Amino acid sequence: MEDLGTFRIKFAYFHRAWDRESDSVQVLKSQGRRVLPHEFTLEMDGFIFCPECHTPISRRPKNKEKMTNGRNASFVHLPSYRHIGCNLRVNKGGGRRFETEEEAKKAIADEQLAIISAFIVERPEIKDVKKGNFDHSFIEDINGEVSDVPISRHTGESFKLPSKITTVSGLCRNFDDNYYKYFVFPGDTNARRLDSILVDVNRVNDICDIPKLYFGKVQSSVSGPWDHSIRMTKIFWNRSGDFLDFYFKQNNKDSKDHGIDDNCRGRIILMYGKVERNGLGLCLSNVGWGEFSLLPEKYKYLFEH
Ligand SMILES: [Zn+2]
């Protein structure tokens, strides 16, 4: 995503009793309340924490929602924790690397890192699902292989780490927890935060053979009546370069199982794949069953600023 400078910390965790020295990060994430800059009140001061480094943070300005220059308030790190590295504090490109295999395994155990070896391609067979009402919460991650992952800080060294095979819907399920989590996507050579993995379709202006995780806002979606009809979902796109428009093309049945129908205008769609030519425009087309999802409405705020 684009660099939003000091606006990079989209939300903070608010927890009145959490202690960084003695309590686990999972406690903060599961019991803490997610607070946006405009929701901050003075009584929260001292009890809100960075979603990545988990140090206490503050809002600037503290007691009103706007700066004197009219800009919206934002969360900022405290100088007293400057010795603790955080990628939300500095504008650090690239990704995160690990000193030892143990450090990487601990990050996986602490749910701060996940190795994705693949996304589920085929539609899983699930019984007891009512027609037209596919419940994605049934889909569990599949354990992938333990494989050599090149995320060591030392050149040429890789770690043996467990991977999983998952779905984009799975990433969307607890999207705000995942937003600042590190992932190694298929083929990646470092761990990157999900917010920096996501690519706005409005930054795309040509075909691209490397699969990436794109997001965009649905402008319209239409399909023929049949399951096998191709549903043409048009994405809001600032025309640039030589191409006319941007579509997500997927068969009607799979689209509808993901909630993509004639009425999903305005929703955010996430899709993993290659950008191809589509007539005079561009598209992602016929991606795997687990490679796309509508973002639940409650997480839309992460894409608005
Ligand atoms: Zn931080």
Tensor-based shape of the range 5-81 (alpha-carbon gyration tensor, a/c under 1.5 rounded, otherwise prolate or oblate): prolate
Label-to-label distance, nm, for residues given as ARG71 and GLU111 (7 Å Cα→Cβ offset): 3.3 nm
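Using a Förster distance of 25 Å, how high is the FRET efficiency between SER147 and ASN286, based on the Cβ-Cβ distance and rounded to 0.05?
Values: r = 27 Å, r/R0 = 1.08.
In this case the efficiency is close to 0.40.
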Highest average packing first - 116-125, 194-203, 283-292, Cβ atoms within 10 Å: 283-292, 194-203, 116-125
For LYS300, LYS64, order by how many other beta-carbon atoms lie within 10 Å, fewest first: LYS64, LYS300
Calculated [θ] (222 nm, deg cm²/dmol) that DSSP helices of n ≥ 4 give over the chain, each run adding -39,500 (n - 2.57): -3000 deg cm²/dmol
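Test of understanding: what is the full-extension gain from ALA17 to GLU43, defined as 0.36 nm times their sequence separation minus their Cα-Cα distance? Numbers along the way, then the final one.
Working: separation 26, 0.36 × 26 = 9.36 nm, distance 1.31 nm.
Full extension from ALA17 to GLU43 adds 8.0 nm.
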Peptides ranked, highest mean first, by Cβ atoms within 10 Å: ranges 70-83, 210-223: 210-223, 70-83
nm² value of the averaged projected area, convex hull over the Cα atoms of the range 101-196: 7.0 nm²
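To the nearest whole percent, what portion of all C-alpha pairs in the range 158-305 is separated by more than 24 angstrom? It would help to have the intermediate numbers written out before the result.
Details: 3335 of 10878 pairs.
Summing the P(r) of the range 158-305 above 24 Å gives 31 percent of all pairs.
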Distance histogram in 20 Å bins (all Cα pairs of the chain, percent per bin): 30, 56, 14, 0
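What is the magnitude of the charge dipole of the chain about its Cα centre, with +1 placed on the Cβ of each Lys and Arg, -1 on the Cβ of each Asp and Glu, and no other charges, expressed in debye to the nearest 20? Working shown, then result.
Numbers: 46 positive and 43 negative charges, 218 e Å.
Approximately 1040 debye in magnitude.
The numbers here are math on the coordinates, done by the rules we state, and not lab data. Quick caveat, the model's predicted, so the values are computed rather than measured. Methodologically, a virtual Cβ is constructed for each residue, glycine included, from the backbone with ideal geometry; neighbour enumeration extends over all protein chains shown.
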